[in-house]
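Undergrad: Before I ask anything, let me first share the structure, which is written out below as structure tokens.
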Number of protein chains: 4
Amino acid sequence: MMIVMKPTATEQEVQAVIDRVQSVGARTHLSRGEELTVIGAIGDREHVARLELEGTPGVDRVVPILKPYKLASSQFKHGRRTVLEIGSRKIGGENFALIAGPCTVESREQTLETARVVRDAGAALFRGGAYKPRTSPYAFQGLGQEGLRLLAEAKRETGLPVVTEVMDSRDLEAVLEVADVVQIGARNMQNYSLLSEVGRCGRPALLKRGLSSTLEELLMAAEYILKEGNEAVILCERGIRTFETAYRFTLDLTAVPVLKELSHLPVIVDPSHAAGRRDLVTPLSLAAAAAGADGIIVEVHPRPEEAICDGAQALLADEFAAYAERVQAVAAIAGKATSAVAV
Amino acid sequence: MMIVMKPTATEQEVQAVIDRVQSVGARTHLSRGEELTVIGAIGDREHVARLELEGTPGVDRVVPILKPYKLASSQFKHGRRTVLEIGSRKIGGENFALIAGPCTVESREQTLETARVVRDAGAALFRGGAYKPRTSPYAFQGLGQEGLRLLAEAKRETGLPVVTEVMDSRDLEAVLEVADVVQIGARNMQNYSLLSEVGRCGRPALLKRGLSSTLEELLMAAEYILKEGNEAVILCERGIRTFETAYRFTLDLTAVPVLKELSHLPVIVDPSHAAGRRDLVTPLSLAAAAAGADGIIVEVHPRPEEAICDGAQALLADEFAAYAERVQAVAAIAGKATSAVAV
Amino acid sequence: MMIVMKPTATEQEVQAVIDRVQSVGARTHLSRGEELTVIGAIGDREHVARLELEGTPGVDRVVPILKPYKLASSQFKHGRRTVLEIGSRKIGGENFALIAGPCTVESREQTLETARVVRDAGAALFRGGAYKPRTSPYAFQGLGQEGLRLLAEAKRETGLPVVTEVMDSRDLEAVLEVADVVQIGARNMQNYSLLSEVGRCGRPALLKRGLSSTLEELLMAAEYILKEGNEAVILCERGIRTFETAYRFTLDLTAVPVLKELSHLPVIVDPSHAAGRRDLVTPLSLAAAAAGADGIIVEVHPRPEEAICDGAQALLADEFAAYAERVQAVAAIAGKATSAVAV
Amino acid sequence: MMIVMKPTATEQEVQAVIDRVQSVGARTHLSRGEELTVIGAIGDREHVARLELEGTPGVDRVVPILKPYKLASSQFKHGRRTVLEIGSRKIGGENFALIAGPCTVESREQTLETARVVRDAGAALFRGGAYKPRTSPYAFQGLGQEGLRLLAEAKRETGLPVVTEVMDSRDLEAVLEVADVVQIGARNMQNYSLLSEVGRCGRPALLKRGLSSTLEELLMAAEYILKEGNEAVILCERGIRTFETAYRFTLDLTAVPVLKELSHLPVIVDPSHAAGRRDLVTPLSLAAAAAGADGIIVEVHPRPEEAICDGAQALLADEFAAYAERVQAVAAIAGKATSAVAV
């Protein structure tokens, strides 16, 4: 890191910083310009990171040079991309995966019907929520264990691997009985206890970016999972909070190529929650595929007007096959093959 | 709520919305302008809230009229303000409470020394972290149970009630052995499982606003706690995330008078985490008191340059008494009395 | 609009609001719920808009129902889309237009060489800056009138219509001698004097969204131009300012389908300024085309490493033809034809 | 500045950057860590600033070390603060100035009545708008030259110096006939032509921060004025745009101590436009004074319910004297004397 000293810093203050840096085993490198003095600290990433030099007398600011994450970084894999294989479907690299299903598991009929539709249209994985984080304590919170049972049934019937969310470490064991991929929602992206638990469980994790998390924070959250020895993390852009009120969230597609540059992990996009409106899901899905996403996770419902939760943003099951075809055509132009297994 | 129909909505679409609203027991109210039709839905708040009409054919947008929270609202207490009494210190109403202590409990000496200093300067409560949410998995995560023991000792010695954070429901029991107030951090503000557990524990809760949470979301998070029968919630503004990079977070002091208008709950401010720099803590503390805050939670350290965590933002223990005096002078102009018990 | 009264509003306060609304010739519509009273104001948009009722005793908030813009709205054209014809190139509707050229006109050679390259690759219009808004007063501010002369020469030689920016009303006359489309930059989006002048000049205008402008504000800015009788406005999304610091701006592609729903005006995207980095320009361009943009405005330079301004984001002239082909392939999937004239 | 090379950068790429830096007369300084190479560029600020090295092969990112502004920086005055003297009122340093008056000049009676009230309560300057930037082209745009005449009359009668806004260079001459301080509004903060013109006019300027401008951009805008030889610039925080929708803008009071650290220029706060609601103006004014502001600019109206523009946020003339007293009491605790001249 670079420590920029104030123009008014004294010799003693400069020396005190140098001593502090050297005390953690790092080398220093002094650079005196006409107006400023800059001290470079070179050494082990973690040791240097623990130097909390902001606020030290004479220090103007500290500029980190190394990224604070390591296992999640592109360098860690020397430029090779991680490709996950989940029930014979591939995610990452040259593969494009469509993950589809209802926002919430509501009933046996709705779940099985949707699972069949998305399988037939070539989805790689089936998604569905049993535990739902809701802003209001008065809103429907998901079917819980009953929802997990319905997901298991859909999986048996269609052969599709299942993605479902865990909100509480105490539910993890039950979730692992059905989930092929464990989802961590945007509101829990910095729930560090949960991240570590999911890391330890060894199952692939789908990690959604927090509403106002920087890419660096997302990669640090992934690092919490990777650090436990779990190498299978899928990053998911799902819209960020901005000043714009014309839509629920602002889908940040610049994150797709930039995350793929910073990290070896697969990057997918959730256009449903970002938009909050069905008519925006198709253009945003096409845009995500064009931006180079490794996949899309999208909500589908046979009768959205009856959905208990977020029906307004669900694609119609009837129209899903046509949607999937267009998205995959754009993904192909962006250089991807589709990862679904022939049925 | 008001349902604004699209200019192109048909008679059948308008009727379908009316039928849907009436099906949950609400009354409707039709208003036809020259360009638009608006349907008012009047009835039980929770029933109407569950109507997810966005995306219904013909609907342009849905404008909520009632606030989605109830127990947290000013109306619920008919304009009376909640005043908490914690170990004979009052928070809320006419009382101004200073909550001070180290960011993290690091050692016996640091903890006891700081506790004595803040007690002598008139702090109402003692704060200190045993479990620390850290962006990096490589950073110090707090002393855990050992930290709780040191907090208990500081409490015995100084008589100050203790505020400490819980990050995981599984630690709650241990935390409750020492905490007079249980803190929920900004990153866990929408960890709904944790909110409900803290609600059920019955102990006063200090709920920090998420980095990018609206006031409405903060009040909905408080509602999760209140709904479990726990009436003792303190709201805390601690800086929001904006485009500005000159400081860590942007302290949002407009939130203070607005939260006090919307809710009966006490509202305090954390200037330390917002600023991230010691020299900003005093002007922001004075500003918070001037804006009408019911208290301030602030970090103090005897030797900040040795602090393991966030030393750069800690006030110097030596200077804390002078700080407290100035803050309380401004609070007095804003109409507050100081809530500390004479020592 | 809907005027929501406070729960504590008195009968007199309700009546005073009703009287005020009726005094501007609007009708009122009273709706009393169990907890709240709502007054609907129905009448001429502009009269109602001038009622500034916020802050009136008893009023909780005012919810606008009608959009504040009229000429820019979809309704104004009854759903038909505006298609501009500029030098026989079409923008809007089914047409996709590539607008390309250097950020800044730097020299005769650079200008003519770039113009030829983009014409040969099928660009519809040529862009280039003679007047450059720069954050720093010490940075190069453009060649001014000399730049306009070079643009005129490029136009004569290639036959491409020219898009160039005007920053000051006093330069408008000179700009109009060469510009087929007058660009108003993001920083001037709310420079109302300039908007009105450009409206009066009658030439097509390319209006960039301000860094932190809502879509509604962008459409209101367009309304300033349209109101002067100038019907030819192209809206341009160019990235908004968010908390994310990993890139210069956050390209907001949700704006594309939403602007096309709200307005009849053509909507294009500028991926160069949003990204600030060449390697992001292609994925973001493909994404913009996939989202349904009516065109893309992009920077191209024969030797970006020698560019005086923003070279880092310019596409290489050598690679432009391949880029154009891919973008147009995606635009075709999104339902567009390319608007360039065969050369 | 520091140029951080990519881990994959070759020797040739490193050398090419060094050559480029040296070609503008700057010295280089090479620092090789285990994972990264960093090149320091040391030399004349403006020359180095013109190096646009982002996007150069092998370059990861460029970290500026020197601030891009010079005349506006604290260092330029070696830590001394600028104190302006306007008609014998002082702004800056130890002085606290209240600037008050109507949002818009509406009539002779309203203008003179308000001017008398604010003078009697100890305001240092009188504010009032003749040219009003309005989001809607259909809204009242100010009285223009007639408004300037009324301001001149108020000045003659009360002796108060006048602050009024200029929106268009072509109106500057007329504005200068009455204005003691020329205001540049938030929407024109990056209207560089206007900034330069105001710089050349030599009259003190009040420069409002743009809705989403960083402090660095604000200081760069000030630099445009200062560069023309005009040393009298007052910076004004007036609320920034964030995700929060509970209020119009989010007043950023952290900007006050930080701007005072970065720059020698006086810093004032406009709480009226930030809040948009009268009841928030007092707590935010007290908070601004407590944060160390050099003054406050606030809107006052004798009969706000009749105001043509922004009546909802105007303080009542009747209550202004009590307001001024409280604000000055807090300013005194923050170490300020009041700058008004005894009447």
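For every residue, the table says whether it meets (1) among the β-branched types (Val, Ile, Thr); (2) touching a Ser or Thr at 6+ places or on another chain (Cβ under 8 Å); (3) closer than 15 Å to A:Arg81 by Cβ.
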position: A:Leu206; (1), (2), (3): no, no, no
position: A:Leu215; (1), (2), (3): no, no, no
position: A:Gly229; (1), (2), (3): no, no, no
position: A:Leu235; (1), (2), (3): no, yes, yes
position: A:Ile240; (1), (2), (3): yes, yes, no
position: A:Arg248; (1), (2), (3): no, no, no
position: A:Leu262; (1), (2), (3): no, yes, yes
position: A:Ile268; (1), (2), (3): yes, no, yes
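Undergrad: B:Gly292 passes all but one of (1) at pLDDT 95 or above; (2) within 25 Å of D:Gly335 (Cα to Cα); (3) not in a loop (DSSP other than H, G, I, E, B); which number fails?
TA: For B:Gly292, the failing item is (3).
Undergrad: Being modelled with pLDDT under 85 and more than 9 Å from chain C (Cβ to nearest Cβ) is the filter here; which residues of the stretch B:31-40 pass it?
TA: none
Undergrad: While we're on this one: In the stretch D:274-317, what residues are within 14 Å of chain C (Cβ to nearest Cβ), out of contact with any strand residue (DSSP E or B) (no Cβ under 7 Å at 6 or more places or on another chain) and within 13 Å of D:Gly101 (Cα to Cα)?
TA: Those that are within 14 Å of chain C (Cβ to nearest Cβ), out of contact with any strand residue (DSSP E or B) (no Cβ under 7 Å at 6 or more places or on another chain) and within 13 Å of D:Gly101 (Cα to Cα): D:His301, D:Arg303, D:Leu316.
Undergrad: Yes or no: D:Arg20 in contact with a Gly (Cβ under 8 Å, 6 or more places away or on another chain) and either in contact (Cβ under 8 Å) with a residue 12 or more places away in the chain or not in a strand (DSSP E or B) (or both)?
TA: For D:Arg20, the condition - in contact with a Gly (Cβ under 8 Å, 6 or more places away or on another chain) and either in contact (Cβ under 8 Å) with a residue 12 or more places away in the chain or not in a strand (DSSP E or B) (or both) - is not met.
Undergrad: Please go through the stretch B:311-343 and pick out each residue that is assigned to a loop (DSSP other than H, G, I, E, B) and either touching a Pro at 6+ places or on another chain (Cβ under 9 Å) or free of Cβ contacts under 8 Å to residues at least 24 places away in the same chain (or both).
TA: B:Ala314, B:Ala334, B:Ala342
Undergrad: Mind checking which residues of the stretch D:263-275 are more than 30 Å from A:Arg248 (Cβ to Cβ) and not in a strand (DSSP E or B)?
TA: D:His264, D:Leu265, D:Pro266, D:Asp270, D:Pro271, D:Ser272
Undergrad: Could you please find all residues in the stretch B:177-187 being buried (at least 17 other Cβ atoms within 10 Å of the Cβ) and over 19 Å from the mean Cα position of the chain (by Cα)?
TA: Correct list: B:Val178 only.
Undergrad: Let me ask something else. Give me the residue from the stretch D:51-68 that is closer than 17 Å to C:Arg303 by Cα and of a type in the set (D, E, K, R) and, out of that set, farthest from the chain's Cα centre (by Cα).
TA: D:Glu54
Undergrad: I'd like the full set of residues that are closer than 30 Å to D:Pro133 by Cα and aliphatic (A, V, I, L, M), limited to the stretch D:56-111.
TA: Across the stretch D:56-111, the qualifying residues are D:Leu71, D:Ala72, D:Val83, D:Leu84, D:Ile86, D:Ile91, D:Ala97, D:Leu98, D:Ile99, D:Ala100, D:Val105.
Undergrad: Ok, one more. Of all residues in the stretch C:1-30 being surrounded by 19 or more Cβ atoms within 10 Å (Cβ to Cβ) and farther than 23 Å from B:Ser74 by Cβ, which is farthest from the other protein chains (Cβ to nearest Cβ)?
TA: It comes out as C:Val21.
Undergrad: Only one of (1) more than 14 Å from chain C (Cβ to nearest Cβ); (2) out of contact with any helix residue (DSSP H, G or I) (no Cβ under 8 Å at 6 or more places or on another chain) fails for D:Lys132. Which number is that?
TA: It is condition (1) that D:Lys132 fails.
Undergrad: How about the stretch D:202-216: which of its residues are surrounded by 20 or more Cβ atoms within 10 Å (Cβ to Cβ) and closer than 17 Å to D:Met167 by Cβ?
TA: Within the stretch D:202-216, D:Ala205, D:Leu206, D:Leu207, D:Lys208, D:Arg209, D:Gly210, D:Leu211 qualify.
Undergrad: Tally up the residues in the stretch A:127-155 that are aromatic (Phe, Trp, Tyr) and under 21 Å from A:Glu173 (Cβ atoms), please.
TA: 1
The values are calculated or read from the model by the stated rules, or taken from the named source; none is laboratory data. The model shown is predicted, which means the values in this text are computed figures rather than measured ones. When we count neighbours, we look across all protein chains shown, and the Cβ atoms used for this are built from the backbone with ideal geometry, even at glycine.
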